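This report concerns only the one structure given below.
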Amino acid sequence: DAGITQSPRHKVTETGTPVTLRCHQTENHRYMYWYRQDPGHGLRLIHYSYGVKDTDKGEVSDGYSVSRSKTEDFLLTLESATSSQTSVYFCAITPGPTHSPLHFGNGTRLTVT
Amino acid sequence: DAKTTQPPSMDCAEGRAANLPCNHSTISGNEYVYWYRQIHSQGPQYIIHGLKNNETNEMASLIITEDRKSSTLILPHATLRDTAVYYCIVRVGGGGSNYKLTFGKGTLLTVNP
């Protein structure tokens, strides 16, 4: 399995509170991604990173921010959590811009009450 | 990215080969076929991918028709742990920028004892 660790694995938080999810990789891959998975919507890309301090928005980036200060860590922050952000969040990595596949972490289940 | 069509469910006896079909009749010449699977509450797991030649790795084989309009994922000796939802995805290239990964409904493979 790819060396990807997501933390925490489960979190319950209240509406309006900030939340940070962490993705840590040991593969030294350049590209990192945050997805959310919801019933009926499949996987949707939130933000991605193509290098240290290089990030960009995906298709559902509103309400989320990211940071990547080191190759191995990619942080996803919900500045003020809302109930619509209740979801399972997956981090993924890939080494390069070729046809290399994505490798996913085991996810963080976030519940916003 | 080209759209894919998969049967919603399939059954397979333990120890037998599981053959999972996928139609991708609108595939473009530079699009790869990727297979992932997802076991309940885990992250998607990469299985195999290919462009036009058949591919084999330690997990599975991928057979792509000559016209590339369909493919079959073969698990040679299915085990109970192979019970999962299998996703066939067609896209251009791998990592890089906006890695939008469209998982359809996939095929629920149930391996029976």
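The values are calculated or read from the model by the stated rules, or taken from the named source; none is laboratory data. In this text, all values refer to a predicted model and were calculated from it rather than measured experimentally. In this analysis, Cβ positions are derived from the backbone assuming ideal geometry, glycine residues included, and neighbour counts consider all displayed protein chains. Side chains are part of the model used for accessible areas, which takes the heavy atoms of the whole protein and leaves out ligands, DNA and RNA. Shrake-Rupley method; radii C 1.70, N 1.55, O 1.52, S 1.80 Å.
Key figures for this structure:
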| quantity | calculated |
| --- | --- |
| Test for A:Tyr50: is it within 8 Å of chain B (Cβ to nearest Cβ) and part of a strand (DSSP E or B) | yes |
| Scope segment B:16-36; condition within 12 Å of B:Asp82 (Cβ to Cβ) and open to solvent by less than 40 Å² (accessible area, probe 1.4 Å); matching residues | B:Ala18, B:Leu20 |
| Any pair with Cβ under 6 angstrom, 6 or more apart, that starts in segment B:26-55 at a residue that is more than 7 Å from every other protein chain (Cβ to nearest Cβ) and ends at one that is assigned to a loop (DSSP other than H, G, I, E, B) and open to solvent by 30 Å² or more (accessible area, probe 1.4 Å) | B:Ile47/B:Met59; B:Ile48/B:Asn57 |
| In segment A:87-103, the residues that are facing chain B (nearest Cβ under 7 Å) and open to solvent by less than 20 Å² (accessible area, probe 1.4 Å) | A:Phe90, A:Thr94, A:Gly96, A:Ser100, A:Pro101, A:Leu102 |
| So A:Tyr64, is it on the phi < 0 side of the Ramachandran plot, touching a strand residue (DSSP E or B) at 6+ places or on another chain (Cβ under 7 Å) and within 14 Å of chain B (Cβ to nearest Cβ) | no |
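Listed here are the residues, each with its yes/no results for (1) open to solvent by less than 10 Å² (accessible area, probe 1.4 Å); (2) at pLDDT below 95; (3) in contact with a His (Cβ under 9 Å, 6 or more places away or on another chain); (4) under 18 Å from B:Tyr46 (Cα atoms).
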position	(1), (2), (3), (4)
A:Thr5	no, no, yes, yes
A:Glu14	no, no, no, no
A:Thr20	no, no, no, no
A:Tyr33	yes, yes, yes, yes
A:Arg44	no, yes, no, yes
A:Tyr50	no, yes, no, no
A:Lys53	no, yes, no, no
A:Leu110	yes, no, yes, no
